[in-house]
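**Student:** Before I ask anything, here is the structure I am working with.
No lab work stands behind these numbers, since they all come straight from the coordinates. Fair warning: this is a prediction, and the values are worked out from it, not measured in the lab. Here Cβ is always computed from backbone atoms with ideal geometry, including for glycine, and neighbour counts include all displayed protein chains.
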Amino acid sequence: MSTPVIGIVGCGDIGAMYAAHLDALGPYPLICVDPDADRAAQVAEAAKTASVAASVRELLERGCDAALVTSSTASHPPLVEALVTADIPVLCEKPLATDPRETERLGILAEQRGVPLWVGFQRHFDPGFADLRARTAAGQLGRVHVLRMVSHDMTPPPTARLRASGTIFTDLMLHDFDLARWLTGRSVARVSADGAALSRPELAEIDDYDSVTAMLRLDDGALAVLTAGRWQPLGYDVRAEILGERGNLLAGPDHAQEPGEQTTPHHRGYWDRFADAYRAQLAAFLVEVAGGPHDPAAGGWRDSHAALVCARAAERSARSGAIPTAP
Ligand SMILES: NC(=O)c1ccc[n+]([C@@H]2O[C@H](COP(=O)([O-])OP(=O)(O)OC[C@H]3O[C@@H](n4cnc5c(N)ncnc54)[C@H](O)[C@@H]3O)[C@@H](O)[C@H]2O)c1
């Protein structure tokens with residue numbers, strides 16, 4: 001195949017980030033789609049070789065070899081369906097859909113048509129998390145007892161973006177629900193959770209939280225404690241630790257530090273913390289687009305489905321207050 005033409009469907013923050021990575025990896029000819037024509041034009045102008053299409057329909061008429069669906073979460077299902085039905089390989093940002101049945105329907109549609117459908121769980125391509133998974137699978141820790149996982153944004157995304165993303169459980173903590181399975185190879189058997197709107201009280205008005213905790217029990221009896229939040233002024237903070245019968249392994253921070261010691265944030269957000277992981281994920285996707293093998297680290301619809309089921313259970317738990325009662 002000559003250099004593939006890639007559609008970027010959704011030219012907001014993460015769409016612009018992917019376009020920059022594609023420029024660095026290729027450059028690949030891009031076709032940028034966004035109902036906000038200014039955003040599409042901005043991303044196209046920043047790329048070495050790009051043009052704008054007014055809709056996915058126009059993108060398909062002009063022809064592309066693969067597409068990234070990087071639009072607002074609620075728009076993913078119809079866009080993915082249109083692309084997969086046209087036999088275009090898709091890398092869709094997480095989550096594939098916010099409804100488990102819709103997730104399954106899209107996944108099965110892609111499988112039946114034999115069309116690659118990736119879901120953007122870029123942490124699978126982060127060297128630290130990949131190493132943690134490999135060493136756990138190799139038995140370095142023996143039996144896994146407890147996972148501790150942390151996902152904290154430095155500052156919250158705009159409220160309009162949060163409103164379009166479901167809750168923090170289906171948006172940010174979705175990654176940790178996914179990692180709990182991916183790092184251990186187990187599935188999640190039980191979920192309880194709680195949430196509060198502390199740094200952004202107005203989130204309570206849209207039934208969302210900025211600080212959440214969740215507890216999981218995996219199907220082999222191992223336990224997990226998760227925290228996620230939208231406010232960490234010292235920097236974007238994503239870590240995971242696994243404790244087992246032979247000790248512990250940790251993936252995440254650059255180095256140990258005292259609280260308050262840090263003056264400059266190590267990372268400001270997903271775009272710099274996971275830059276290498278996004279590039280590796282994209283490069284692996286492009287290998288498959290060119291007819292090469294499927295990378296086993298790729299996120300798929302089953303990962304999105306399993307993480308979403310946990311996220312929805314966590315939402316129900318947080319809303320019902322069905323947490324062990326205070327003494
Ligand atoms: N993997 C991660 O860690 C990660 C990080 C950030 C965002 N995301 C995901 O990426 C997606 C986008 O997030 P963002 O922060 O870039 O949001 P954003 O609001 O900055 O951008 C979304 C863009 O999608 C466009 N859009 C809406 N409907 C569309 C449609 N039908 N067709 C084409 N474009 C459409 C909007 O006009 C907007 O420009 C979300 O699903 C989010 O969950 C994932």
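**Student:** Pop the C-beta distance of T49 and A283 into the FRET formula with R0 = 22 Å and round what comes out to the nearest 0.05.
**Tutor:** Efficiency, rounded to the nearest 0.05: 0.75.
**Student:** Where in the chain lies the longest segment free of trypsin sites (Lys or Arg not before Pro) that are both loop residues by DSSP (not H, G, I, E, B) and have at most 11 other Cβ atoms within 10 Å?
**Tutor:** Free of exposed loop sites, the longest segment is 1-142.
**Student:** Assign one of three labels to the chain, namely rounded, prolate or oblate, based on the Cα gyration tensor with a ≥ b ≥ c the square roots of its eigenvalues; rounded applies when a/c is under 1.5, prolate when it is not and a/b is larger than b/c, and oblate otherwise.
**Tutor:** Here the chain falls in the prolate category.
**Student:** Here's another thing I want to ask about it. Could I have the simple spin-label model distance between D23 and E241, label points 7 Å from Cα toward Cβ, reported in nm to one decimal?
**Tutor:** 4.0 nm
**Student:** Charges only on Cβ, +1 for Lys and Arg, -1 for Asp and Glu: so what's the dipole of the chain about the Cα centre, in debye to the nearest 20?
**Tutor:** It comes to approximately 740 debye.
**Student:** Loop by DSSP (not H, G, I, E, B), at most 15 other beta-carbon atoms within 10 Å: where is the longest site-free stretch of the chain for GluC sites (Glu not before Pro)?
**Tutor:** Longest gap between qualifying sites, sites excluded: 1-244.
**Student:** Give me a comma-separated list of calculated 3J(HN,Hα) values for the stretch 231-237, in order, Karplus coefficients 6.51, -1.76, 1.60 applied at θ = phi - 60°, integers in Hz, x for any Gly or Pro.
**Tutor:** For the stretch 231-237, the Karplus curve yields 9, 9, x, 7, x, 4, 9 Hz.
**Student:** At most 11 other Cβ atoms within 10 Å and a DSSP loop assignment: could you name the chymotrypsin sites (Phe, Trp or Tyr not before Pro) in the stretch 162-204 that fit?
**Tutor:** When the chymotrypsin sites (Phe, Trp or Tyr not before Pro) of the stretch 162-204 are filtered for loop state and at most 11 Cβ neighbours within 10 Å, nothing remains.
**Student:** Sequence gap at least 6, Cα distance under 8 Å: using those rules, report the relative contact order of the stretch 92-150 to the nearest whole percent.
**Tutor:** Contact order relative to length: 30 percent.
**Student:** Using a simple spin-label model with points 7 Å from Cα along the Cα→Cβ vector, what separation in nm is obtained for D220 and A74?
**Tutor:** A separation of 4.1 nm, rounded to one decimal place.
**Student:** Once both axes come from the Cα atoms, what is the angle between helix 37-46 and the longest principal axis of the chain, in degrees from 0 to 90, rounded to 10?
**Tutor:** Computed tilt is about 90 degrees.
**Student:** Related question: Between R143 and D87, what is 0.36 nm times their sequence separation minus the Cα-Cα distance? Round to one decimal in nm.
**Tutor:** 15.9 nm
**Student:** Just to be sure I understand: of the beta bridges DSSP finds with both ends in the chain, what percent are antiparallel, rounded to 5?
**Tutor:** 55 percent
**Student:** How large is ³J(HN,Hα) for each residue in the stretch 71-85, as worked out from phi by the Karplus curve 6.51 cos²θ - 1.76 cosθ + 1.60 (θ = phi - 60°), to whole Hz, x for Gly and Pro?
**Tutor:** Running phi through 6.51 cos²θ - 1.76 cosθ + 1.60 with θ = phi - 60° gives 8, 3, 3, 4, 8, 4, x, x, 5, 5, 4, 4, 6, 5, 5 Hz.
**Student:** Using Cα pairs under 8 angstrom and six or more residues apart, how large is the relative contact order of the chain, in percent?
**Tutor:** Rounded, it is 19 percent for the chain.
**Student:** I would also like to ask the following. Place +1 on the Cβ of every Lys and Arg and -1 on the Cβ of every Asp and Glu in the stretch 17-174, take the dipole about the Cα centre, and give the residue among C64, M149, P29 whose Cα lies farthest towards its positive end.
**Tutor:** Final value for the positive-end residue is M149.
**Student:** Another question, if that's okay. Calculate for the chain the 222 nm mean residue ellipticity that helices alone would give, adding -39,500 (n - 2.57) per DSSP H run of length 4 or more and normalising by residue count, nearest 500 deg cm²/dmol.
**Tutor:** -11000 deg cm²/dmol
**Student:** Would you mind calculating the gained length between A189 and S320 on full extension (0.36 nm times residue separation, minus the Cα-Cα distance), in nm to one decimal?
**Tutor:** 45.3 nm
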